[in-house]
Each structure stands twice: as structure tokens, then as C-alpha cells.
Amino acid sequence: MNAVTPETTRVGIVGGGPAGLMLSHLLALAGIDSVVVEVRERAVIERTHRAGILERDSVRMLVDAGLDRVLRDGHEHRGIDLRFGGASHRVDFADLVGASTWLYPQTDVFLDLADARERDGGDVRWGVTDVEVRGVTRDPADRPVVAFTDAEGRRREVRCEVVVGSDGSRGICRDLVPEASRRRSFREYPFAWFGILAQAPRTLDELVYARGPEGFVLVSSRTDDVQRMYVQCDPADRVEDWSDDRIWSTLQAGVAGDDGLALAEGPILERTVLPFRSFVQEPMRWGALVLAGDAAHTVPPTGAKGLNLALADVRVLAEALERTLLGDDADALDAYSARALERVWRTQYFSYWMTTLLHRLPGASAFDERRQLAELETLASSRAASTHLAECYTGWPTG
């Protein structure tokens, strides 16, 4: 077996999704070298459709980093519609909190970042296999190694000062923290989403969160002629359990009302069952390892927070790494976990609240049903209550 010649970098990043690429981009702007390794090919990620609502600070982060296509190709949303009892109730973000969100698919965020890393000569290794992270300890003198087989079949080792795990909920990095030194909190939900991409014109300009006869319905968009929609389903459902007729009749019933609202229909391009849960691993730093994004936490998609929370992690982490590696301020990285987790738990609360607010709970009593509707009516009628929703949805300033 041929000997492996180690490479060196300051930050090794495991995971080349938006969180890992954004971190690499921000570090490069600060003059800090990094190497990103990603098991998927770039083309595979480009074909993966994911959530597409960005908080105001996520948009500002992209623009400040020189990635301003979102302002040209994204769609500003100044509010959402809560729909229940056959009527829509608009939550006007701009009026309530002076903020907007932006419809901009995660695929486009990824493309912007991947293009920027390629343009700037960033070191991103796509399609790697057999990734290992060795030498992660709490001894500051130790230097961890990220080892992998590259796309050409050559074994590589990259020595670094810090390893960032941004490799998602199924990655290897979260398990590197010893069991005795980590705490995991999670909640399973007794429902899932059946989601579709449909070739159809946009019916509405902004998102509709509806509570229909069968439970939750979300009407969203990806482009002017491709729409993303979801209905509540059982986690045990299979894609083949849902015919086109069942899908459209459930969606239409979910938004039906006295105003005659009907969704534009069209061919279904993609369908999937999306189970979800809430999860947090603490701390988000252990020795030379730090976690960011889904490697450390996942949230139900109801509040549109997953990508935004990952970018918020990266914003805090990039600052901490810059102060640590360029300013010799070890305390900055020490503080990363506590700073990030404050927002993580606030986001967990909001995502859980939105989820339990809008879904029908299995076995719910008549009391449960009326209480849930009363909460929705309070949101629709109280400026204070709708302001709270707007503040949470558009995002809190990063501390």
C-alpha cells in the first residue's frame, strides 16, 4: 500500500452542503484556509430539492458575502396566510415587525456558494468515500486528521487545527463526541408530510399555512411554474399509497373556503413522505471538533428554520474561528456552543409551536380541537400574538 502524504490546512470541514460551503467562503474572505470534503457529487446536490424560505438575516448574510443573486431571482414575501375555518388571515410581517422573508430555494443557495468556491479557488473535494476523522481530543496540542478516499480513488489525509462537522443528521461527526460528554434531546412526531412538486402555475404569491379537514396543508412555490405543496400524513404511509386524485382532493379540501380558493393543478413531478423530529446535541464543541447545522440539531420543517438555523450557526462560528485562529483568542471558540445553542433552543420552541398549532394530533379530543382553533383565532385577531409569530418567523438578530 502506498504511503499517504499528509496535506495541511487550518480548518477541515466535513460536509459540503450550504453550511459547510458558507463557512469555507467566510473563512476565505478572512484569509483562513480550509478544505471541504463531501461524499456526494456536486451534481447530485444540485438535483436535490429542499426548503426555500430565507430569513432576513440569511439574505443579508448572502449579500454581505458577495452572493446577491437572491435579490434578483428570489421572491420577497412580506407575510404569510394562516387559513382555517375556510378563511385566510394574513400575518403581515412588514407591518408588524418591519421585515420580510425571501423565497429562494436551497438548491440556489448551494449553487451560489459552490460557484463562489470554484471561482475563488476554494478547496472542495466532491464525491469522496470512506471519510474518517482521527485525533479529535481535548488536548490543544493535538492536531486532528480528516482522512478520505478522493473521487479518483486516492487515499488522502488532511491535518488541521479545527474540524467542523457540517455533515448532517446522518454524518459521522456528531458521534465523535464521547457519549459521556454529550447530551442528546429529541422528540418524535406522530405524523409526517406527504410532499409534491407539481408543474403548475403559482396560485398565490405567498405561503399558505392551512389547517384543513385532514390536518396540516402547506402551499409553497419553487418557481413561477413549479409548486411545492405538503399535506399531513401518517409516517407509515408510502408514496404509492397516494394517487394523484387523493393528493389533489386532499390539498383542495385543505384550502377550500367561502372565498372559492382553488389551487392550480398540474402534473406531479416528484412525491415524497417526509417524517421529522426535533433533535439537539449539546455541546456543539468538543476539543478540536465543532458542529454546525443538522449535525448538531434538526427541527420540524413547519417553521422553515432548518437552513436558516444552519446559516446562523455558521455566522457565529466563522467569527469565533477568525478570532481564534487570527487573533489568538481561545475564549472565542470556547463561547461558540453557548452562543449557538441559545438560538437553537429558541428555534426549537418556535418550530414545535408551529407544528403543534397546525397539525391534527392522533386521538385528539373535542376539547383539543376547539382549543387549537381558539389559538389560531387568537393569532388572527390579536396584533400582539401575530407580532410574536412574525418576529419568530422572520428571525431574531444573531447575538
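The values are calculated or read from the model by the stated rules, or taken from the named source; none is laboratory data. Keep in mind it's a predicted model, so treat the numbers as computed, not measured. Every residue, glycine among them, receives a Cβ derived from its backbone with ideal geometry; neighbour counts consider all protein chains shown. Keep in mind that these areas ignore ligands, DNA and RNA; they rest on the heavy atoms of the full protein, side chains included. Shrake-Rupley method; radii C 1.70, N 1.55, O 1.52, S 1.80 Å.
Observations
- Cβ-defined net charge surrounding ALA384, 15 Å radius [Lys, Arg +1; Asp, Glu -1]: -4
- Note on the stretch 331-386: dipole from Cβ charges, positive end direction compared against ALA332, VAL344, MET354; the farthest Cα belongs to MET354.
- Annotation for ARG271 and ALA141: the two label points, set 7 Å from Cα along the Cα-Cβ direction, are 6.2 nm apart.
- Solvent-accessible area of the chain (1.4 angstrom probe, protein heavy atoms only): carbon and sulfur portion equals 48 percent.
- Amide N of the stretch 29-52 lying under 12 Å from the label point, which is placed 7 angstrom from the Cα of ASP175 along Cα→Cβ: none
- Helical runs assigned H by DSSP (4 residues or longer) give the chain a calculated mean residue ellipticity at 222 nm of -10500 deg cm²/dmol, each run adding -39500 (n - 2.57) before division by the residue total.
- Packing rank of 137-144, 93-100, 32-39, 338-345, where each peptide gets the mean count of other beta carbons within 10 Å, highest leading: 32-39, 338-345, 93-100, 137-144
- Rounded if a/c under 1.5, otherwise prolate or oblate - the stretch 26-143, Cα gyration tensor axes: prolate
- The C-alpha atoms of the chain occupy a region whose extents along the principal axes are 71, 42, 41 Å, arranged from largest to smallest.
- Taking every DSSP bridge with both residues inside the chain, close to 75 percent are antiparallel.
- DSSP bridge orientation in the stretch 1-138 - percent antiparallel, rounded to nearest 5: 60 percent
- On a per residue basis, the stretch 116-200 carries 52 Å² of accessible surface, using protein heavy atoms and a 1.4 Å probe.
- Förster radius 41 Å - calculated FRET efficiency between SER365 and ASP95 (Cβ-Cβ, nearest 0.05): 0.70
- The packing ranking of peptides 306-312, 347-353, highest mean first, is 306-312, 347-353, where packing means the average number of other beta carbon atoms within 10 angstrom of each residue.
- Rounded Å value of the spacing that divides the Cα centres of the stretch 14-82 and the stretch 120-175: 21 Å
- Each of ALA338 and VAL239 was given a label point 7 Å from its Cα along the Cα-to-Cβ line. The distance between the two points is 4.7 nm.
- Intensity falloff of the stretch 289-399 expressed as log10 I(q)/I(0), Debye formula with alpha-carbon point scatterers, at q = 0.13, 0.18 Å⁻¹: -0.60, -0.91
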